[in-house]
Each structure stands twice: as C-alpha cells, then as structure tokens.
Amino acid sequence: MIVTTSQRADRAVKQKAALLAERFHASYIERKKQPVTKLAAFYECPVLLVSKERLELHSGEGSPFFFHPGSAMFRVKRLLSGGEDELVKACGLAPGMSFLDCTMGPAADSITASAAVGESGWIQSLEANPYIAHIVQEGLKSWVDGPAELVEAMRSIQVEAADYYMYLKNVPDASFDVVYFDPMFEEAVESSGIAPLRPHAAYTDLTVEAVAEAKRIARRRVVLKDHFRSERFAKFGFRQQIRKTSKFHFGVIEKGDSGEQQ
C-alpha cells in the first residue's frame, strides 16, 4: 500500500498521512495532482487517501472504501422504536451481553449489535485487513450524525486488526455470549455497501477448527450469516433459519447448560 493525500491537503493532513505511512510501513507519496487511479496503477497496490474529512482505501478500480454506518443507521433507529432486527433476533442479543464479531468489515452488524446490548454490554470486533480495521476504527470514533444512541453504540465498539482464528485460539473458554461469523459469501450478493470492500477483504474460508474454537468460547450461541444456498450451514452444524424473502440466512449453534445443542 502507498499513502497520499487529497489535492488541496493542508499541513495537518500531510502530517497525518506521513504518520499513517510510518505506522503501516508504507510509502508516503506526494499527490502532485495525479489521479488516484494512476497512482494505484503505477505502484501496483492499493492507495490510502487521507483528507480532512475521512480516509479512503482505493483499489484502483471502482468506488473506494471509506467508513459509513450504512444499514446500521436505519436498523438502530428501528430498534429504538421497538422494532426487530434479524441479526439481533438470531443472536438473541439483549442488554448486558457480550458479542464477538469475527468478520467486522464495514461494521454495520457490530454497530447494530452494540445498540442492542447497550452500555452494559461489550462488543469486540475483528478485521483481518489492518487498513480496513483502522479506517473503521477511526470512523467509529469520529462519526457524529444520527441519534445519540447510534453514536454511543459506535463509540462502545472495540476494534482489533486480527485473523479471527488466531484470536479465537487465545481466548479463554466461555468468554463471550455470542460469537458471530459473516464471511464473504460463496455466492456474491449485490450490495453497494460491500462492493468497495471486496478488493480488500479476506477470503479465508470458515474451517472446522475455527467453529470448534467459537463453540468453546461462546456461552450462548455461535451464529453464521451466509448466502441462503451456502453449504456452510450443513457442513459446520449450524441450524439454518429460513427467510423466504432474503438472499442471506442466519445459522445458529445453540449452547445449553448441559452442553451444545444443534
């Protein structure tokens, strides 16, 4: 990756870009009015664009990735008005619970989960791509639009750049109420929120070992979100919740007092 700035970047923006380049062991390149697509093509790598307003990760093609709460904005508002959210329902989330999001991405699910568990709950979100993790973490801390409950939900999320399997292996038994997986779908679904993420996403598939670790550390449920035709539900022992009008379904492995129930 290389780091550059917006066209009319002031001194503060250039200093921030230089610091980010140092942090990620990347090269800081002066913009010099060059198009970002040209920089990406010349250096044959992604470009982190720093501006006063936000951070953008450019692949060189298509729209860049930047932080926006996306669907979480209306999902949280729906929860605040007493409505339901399919993720919250599938996970059985309630105030005070803990939730481990193993595949954070744009963080819409983490934000919604955070609103559901409230101030007394705990959300830990993992993202394999360190650049995505940083962009989202900064966005969660700086976003100010929307109801106070939405902003508070964002601020409460703990973000870590980590491979989820390596993270899971080092977590003690029964550390979270719910462990959640939302890997890149085997069969893509068109989504304006996910499209800019695809060139930068981790495509490591879910494994038996990762699910076993998740079951070990989950006190209540392990939940998988996937395409409705995905073979992962049956392969890993998730009870698929059929949603006739949706292209994605949730699968649940329930944990009981006497052990695992599928």
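The values are calculated or read from the model by the stated rules, or taken from the named source; none is laboratory data. Every value quoted in this text rests on a predicted model; they were computed, and no experiment measured them. Reconstructed Cβ throughout: ideal geometry from the backbone, glycine too, with neighbour counts over all protein chains shown.
Structure summary
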{"item": "Count of the stretch 201-234 residues which are farther than 12 Å from residue 176 by Cα, more than 18 Å from the chain's Cα centre (by Cα), among the small types (Gly, Ala, Ser) and buried (at least 18 other Cβ atoms within 10 Å of the Cβ)", "result": "1"}
{"item": "Selection from the stretch 1-24 of residues that are closer than 14 Å to residue 130 by Cα and part of a helix (DSSP H, G or I)", "result": "20, 21, 22, 23"}
{"item": "Single residue of 170, 129 found to be of a type in the set (S, T, N, Q) and either at pLDDT below 95 or surrounded by 13 or more Cβ atoms within 10 Å (Cβ to Cβ) (or both)", "result": "129"}
{"item": "Only one of 70, 105 that is closer than 19 Å to residue 138 by Cβ, modelled with pLDDT under 95 and surrounded by 24 or more Cβ atoms within 10 Å (Cβ to Cβ)", "result": "105"}
{"item": "Per-region count, the stretch 80-124, residues in a helix (DSSP H, G or I) and of a type outside the set (Val, Ile, Thr)", "result": "13"}
{"item": "Which listed residue, of 11, 54, is of a type in the set (Lys, Arg) and touching a Phe, Trp or Tyr at 6+ places or on another chain (Cβ under 8 Å)", "result": "54"}
{"item": "Filter result (surrounded by fewer than 16 Cβ atoms within 10 Å (Cβ to Cβ) and either in the same structural domain as residue 17 (by TED's automatic domain parsing) or within 25 Å of residue 49 (Cα to Cα) (or both)) within the stretch 132-160", "result": "138, 141, 142, 144, 145, 155, 158, 160"}
{"item": "Count of the stretch 238-262 residues which are of a type outside the set (D, E, K, R), modelled with pLDDT under 95 and not in a strand (DSSP E or B)", "result": "5"}
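Yes/no per residue for (1) of a type in the set (Phe, Trp, Tyr); (2) in the same structural domain as residue 150 (by TED's automatic domain parsing); (3) at pLDDT 95 or above:
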position: 8; (1), (2), (3): no, no, no
position: 18; (1), (2), (3): no, no, yes
position: 27; (1), (2), (3): no, no, yes
position: 32; (1), (2), (3): no, no, no
position: 43; (1), (2), (3): yes, no, no
position: 54; (1), (2), (3): no, no, yes
position: 77; (1), (2), (3): no, yes, yes
